[in-house]
Amino acid sequence: MSKKLVKRIRRVSAGAVVYLAAVLLSLFFPYSEARAVSLELLVYLAAYFIIGGDVVRNAVKNLGNRRILDENFLMMTATAGAFLVGEYQEAVAVMLFYQVGECFQSYAVNRSRKSISDLMDIRPDYACVVREGETQAVDPEEVAVGETILVKPGERIPLDGVVIRGRSSLDTMALTGESLPRDVAEGEDVVSGCVSLSGVLEIRTTKKYEESTVARILDLVENAGSKKSEAEHFITRFSRYYTPIVVACAVLLALLPPLLLGGGWTEWVYRALSFLVISCPCALVISIPLSFFGGLGGAGKEGILVKGSNYLEALAATEVVVMDKTGTLTQGTFKVMGVFPRKEGVTEEELLRTAAYAESCSNHPISGSLLAAYGKEIDGSRLQEAEEAAGEGVCATLDGKQVYVGNDKLMKRLGLAPADAEEAGTIVHVGRGKEYLGYILIADEIKSDAKAAVEALKAGGIKKIVMLTGDRREAAEQVAEGLGISQVYAGLMPGDKVERVEQLLAERSPGGKLVFVGDGMNDAPVLARADIGIAMGGLGSDAAIEAADVVIMTDEPSKIMKAVRISKRTLAIVKQNIVFAIGIKVLVLLLAALGAASMWAAVFADVGVAVIAILNAMRAMRGSRE
């Protein structure tokens, strides 16, 4: 909670205490004498300015800026009118209710909304450039195109370039969102933002820092938010028409009848002031923020964090849902999906055991999945030595025999003929001596509720469901087919994802909204560019969570449609309150103009309608019905 909001709550609370004290004093010690009445007025004025001093200041300030007819002006005019007709309690109560609604709205909108760029830790701090045979650590912006930079294991590649010496596995998760590292060798392109895991690389730069991948990602994150249209609050739009009309009507009501009919100034001024009290949009300014706040709270109970009422409202118009694959529809962790011996006499258990022992000394993600699948304790005495071949795999001595575990590059280099695997996923080949033993299939596991999530989106009327991923097309299509997603784009970098989303934004119908769901830091730019960005918060990166408008804390894709349902129900409650509040207001305003509505009717039209609307708004806090 921001300091500004805490200060506002304290001020409103203090004013409420003064107001309550004034009401109790008037009940137990009625003000009868003129001096006592003046004291009563002073006490209520004190409560009024403590609670609504900022509203009065804003209204006066807007007069100087020629922004006269807004909700601040109407609140000030209506409550001032209540004071003029002697309805002190009404004046303060109206301002109190208004400020409570504003506090709820501020809390919902400002919750955990920090700068996106502060959490983007892919920006390189330095670049080790080789100049005149010596290595110098310099600012990446000082490195020219064509210079040679050195990247050691554990360091982040600062600029885009080509590998001129060395081999390594690169952690590309910050860019592609994929858990599986990418193997690179001499002559292959590398991009900034990746981390070298297993080898020293000498890279010839091909782009300046400001044109590099990491710089473009940071720029996308920082600027994409400016393209997102901010919907104006309903009350501000409504006040543009409502406020001038009711103020003009009140003035005409106070002046025209006495001038045309003669006399009766007191009666018509009283009617005009009652008209202003009735016209106060208290029910709207309280119930609408509370409806959205209730929806935000109801979503929170379901593990869905929505960062503002504008995003909750926009979700109701969802037409296109675009989802990342890894970490969103899949677990984001690799698992052994199959063991395929290809030498007679070699069992699946033996093949898996050989691979697990050889990989036991490596910290590669594939090693972890093999060890997890093997599930038994590793006897270190059986493994004499192990050497990791960067970008290829592991060569080890197990029980006195040479074993090899890695990709087809390693097998071919050793003169072994790897099998042609047709399965989609990562293939790990296993060899021993001069014999090829078989291969192991490793793949990312689909989340248990992913298929149900896609089916729910289709049943919920979502017109288009699209999957974007940085993974290989074979793996992407296999996942999409299993989930029932027909439109798939694979092998994408963050900038490519933004381009695809731009195309889909252009294709959607007027008024329709595009939702993007992702979990990785690489998803931050496209999360910010979409109409509504949804991040998987449990396992997602901080940058993605900050860039998103909605965070699913439970990492369940099935919550996407649940968020849409909560949005639609909340919006229905808001519309009910708008129709009810305006309908009652118009009716009582007509009665007040005709003299058939007393100040008590004005109080009902203001406070009573507000209370009913608030009770209706509280229904939004129940979360999802399903």
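The values are calculated or read from the model by the stated rules, or taken from the named source; none is laboratory data. These numbers were taken from a predicted model, which means no experiment stands behind them. Methodologically, a virtual Cβ is constructed for each residue, glycine included, from the backbone with ideal geometry; neighbour enumeration extends over all protein chains shown. Each accessible area value is taken on the protein alone, full model and side chains, heavy atoms only, with ligands, DNA and RNA left out. Shrake-Rupley method; radii C 1.70, N 1.55, O 1.52, S 1.80 Å.
Taking all protein chains together and rolling a 1.4 Å probe, Ser362 ends up with roughly 20 Å² accessible. Here the Karplus curve 6.51 cos²θ - 1.76 cosθ + 1.60, taken at θ = phi - 60°, turns the phi angles of the stretch 554-571 into couplings of 8, 6, 9, x, 5, 6, 4, 5, 5, 5, 5, 5, 4, 4, 5, 5, 4, 5 Hz, with x standing for Gly and Pro.
What does the accessible area per residue of the stretch 344-443 come to in Å², with a 1.4 Å probe and no ligands, DNA or RNA counted? Mind dumping the intermediate values first?
Values: 4770 Å² over 100 residues.
I get 48 Å² per residue for this part.
Karplus-derived 3J(HN,Hα) values for the stretch 438-452, using 6.51 cos²θ - 1.76 cosθ + 1.60 with θ = phi - 60°, are x, 9, 10, 9, 10, 8, 7, 7, 5, 4, 4, 9, 5, 5, 5 Hz; glycine and proline are entered as x.
A simple spin-label model places the labels of Glu422 and Asn363 4.0 nm from each other, with each point 7 Å out along Cα-to-Cβ.
When you count the other C-beta atoms within 10 angstrom of each residue and take the mean per peptide, 424-436, 496-508, 443-455 line up highest first as 424-436, 443-455, 496-508. A straight chain from Leu84 to Ala506 at 0.36 nm per residue would run longer than the Cα-Cα distance by 146.5 nm. Summarising the amide proton neighbourhood of Ala185: residues at separation of 5 or more, or on other chains, whose placed amide H is nearer than 5 Å comprise an empty set. Assuming R0 = 35 Å, what is the FRET efficiency of Asp496 and Glu445, from their Cβ-Cβ distance, to the nearest 0.05? Once the sixth-power term is evaluated, E becomes 0.90. Quick one: how many Å² of Ser360 are accessible to a 1.4 Å probe, rounded to 10? Its accessible surface works out to 40 Å², give or take rounding. A Förster radius of 41 Å, combined with the Cβ-Cβ distance separating Leu255 from Ala46, puts the computed FRET efficiency at roughly 0.80. Placing Phe334, Phe580 in order of accessible area, with the largest value first and a 1.4 Å probe, yields Phe580, Phe334.
How long is the gain from Glu142 to Leu5 if the chain were fully straight, where each residue apart is worth 0.36 nm and the alpha carbon distance is subtracted? Could you put the intermediate results ahead of the total?
Values: separation 137, 0.36 × 137 = 49.32 nm, distance 4.37 nm.
The Glu142-Leu5 span can extend by a further 45.0 nm.
Directionally averaged projected area (the stretch 130-172, Cα convex hull): 3.5 nm².
Rank-order 247-260, 396-409 by packing density, defined as the average count of other C-beta atoms within 10 Å over each peptide's residues, highest first. Don't skip to the end; give the middle numbers.
Details: 247-260: 15.5, 396-409: 18.8.
Those peptides, ordered most packed to least, come out 396-409, 247-260.
Net charge of the neighbourhood of Asn363, taken over other residues with C-beta under 12 Å away and scored Lys/Arg +1, Asp/Glu -1, is -3. For Glu385 and Lys401, the difference between the fully extended length at 0.36 nm per residue and the C-alpha to C-alpha distance is 4.7 nm.
A straight Cα-to-Cα reach below 21 Å connects Lys434 with the lysines Lys343, Lys401, Lys409, Lys412, residues fewer than 8 places away in its own chain not being considered.
Given R₀ = 30 Å, what would the calculated FRET efficiency be for Ser38 paired with Ile245, taking r from the Cβ atoms and rounding to 0.05?
Numbers: r = 35 Å, r/R0 = 1.18.
Given R0 = 30 Å and the Cβ-Cβ separation, E is 0.25.
Charge tally around Phe83: other residues with Cβ under 12 Å, Lys/Arg +1 each, Asp/Glu -1 each, net -3.
How large is Rg over Rh for the stretch 343-438, taking Rg from the Cα atoms and Rh as the Kirkwood inverse mean of 1/r across Cα pairs?
0.92
At the residue level, Lys458 shows approximately 110 square angstrom of accessible surface with a 1.4 angstrom probe and all protein chains present. Backbone amide hydrogens, once placed in the peptide plane, bring Gly425 within less than 5 Å of Ala475, excluding anything fewer than 5 places away on its chain. Determine the alpha carbon to alpha carbon distance for each of Lys335/Lys376; Lys497/Lys562; Lys325/Lys513; Lys307/Lys562; Lys301/Lys458 and list only those over 18 Å. Cα-Cα > 18 Å for Lys497/Lys562; Lys325/Lys513; Lys301/Lys458; rest within.
If DNA, RNA and ligands are ignored and the probe is 1.4 Å, what is the ranking of Ile584, Ile560 by accessible area, most exposed first?
Numbers: Ile584 40, Ile560 5 Å².
Descending order: Ile584, Ile560.
Heavy-atom accessible area, probed at 1.4 angstrom with all protein chains present, ranks Phe49, Phe83 as Phe49, Phe83, highest first.
Residues whose amide H comes within less than 5 Å of that of Asp555, counting only those at least five positions distant or on another chain, are Gly537, Gly538 (H built at 1.01 Å from N in the peptide plane). Each listed q (0.13, 0.23 Å⁻¹) maps to a log10 I(q)/I(0) for the stretch 416-502, found by the Debye formula over equal Cα scatterers with no solvent: -0.57, -1.14. Here the label points at Glu348 and Val162, each 7 Å from Cα along the C-beta direction, are separated by 4.6 nm in the simple model.
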